[in-house]
Amino acid sequence: MEERREVLEVPPRYPNFEQTSVKKFWDALEEGKLITTECRKCGKVEFPPKMICTSCYSDEMEWIDLPLKGKIYSFAEMDVVPSGFKPPITVAVVELENGVRLFSHVINAGFEELSVGDEVEIEFREMSWFDYRKHKYFVFRRKGD
Ligand SMILES: [Zn+2]
């Protein structure tokens, strides 16, 4: 009897960005742009991008560019970090110039050096995502350093 072998494609542990409705967001990151969605009906701007407005439930969303400057809204030091990072790292919620808040890693300032209100700029870095692919993502750089 002939041995039957089936080759199974092992699915990634996380969604494949190519197959999601936010593919445009990931494509923009590759080009060094940060985009999100704005509701055409009520004007709500949300991050991360949404296909349906969480305020009025409209699906009439459009893509907009986000400003690449903001201020530290809150921050913390992480001693237990995702793979690929060397602890400790400083993470922050930054409020962009248009009021949208984002969470990421501060690359050039430790916890003791940061203050709420510090000005930051967004930079794009290649990161190893989920152990199986590289992708660009955004990080914060404190201005003046
Ligand atoms: Zn809306």
Next item on the list: Would you mind calculating the gained length between ARG101 and PHE47 on full extension (0.36 nm times residue separation, minus the Cα-Cα distance), in nm to one decimal?
Entry: 18.7 nm
Checklist line | Cα centroid separation - region 59-117 against region 18-37, whole Å | finding: 18 Å
Item checked: Interchain or long-range residues, amide H under 5 Å from ASP118's placed H -> ILE72
Checklist line | Length gained when the stretch ALA76-GLU62 is fully extended (0.36 nm per residue, less Cα-Cα span) | finding: 1.8 nm
Item checked: Entries of LYS69/LYS134; LYS44/LYS71; LYS44/LYS134; LYS50/LYS143; LYS33/LYS134 with Cα pairs more than 23 Å apart -> LYS69/LYS134; LYS44/LYS134; LYS50/LYS143
Check: Extension gain ASN108-SER55, at 0.36 nm per residue separation less the Cα-Cα distance, in nm?
Finding: 15.5 nm
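Each reported figure results from applying straightforward, stated rules to the coordinates on display, with no laboratory input. Here the structure is a predicted model, which is why all the values come from computation and not from measurement.
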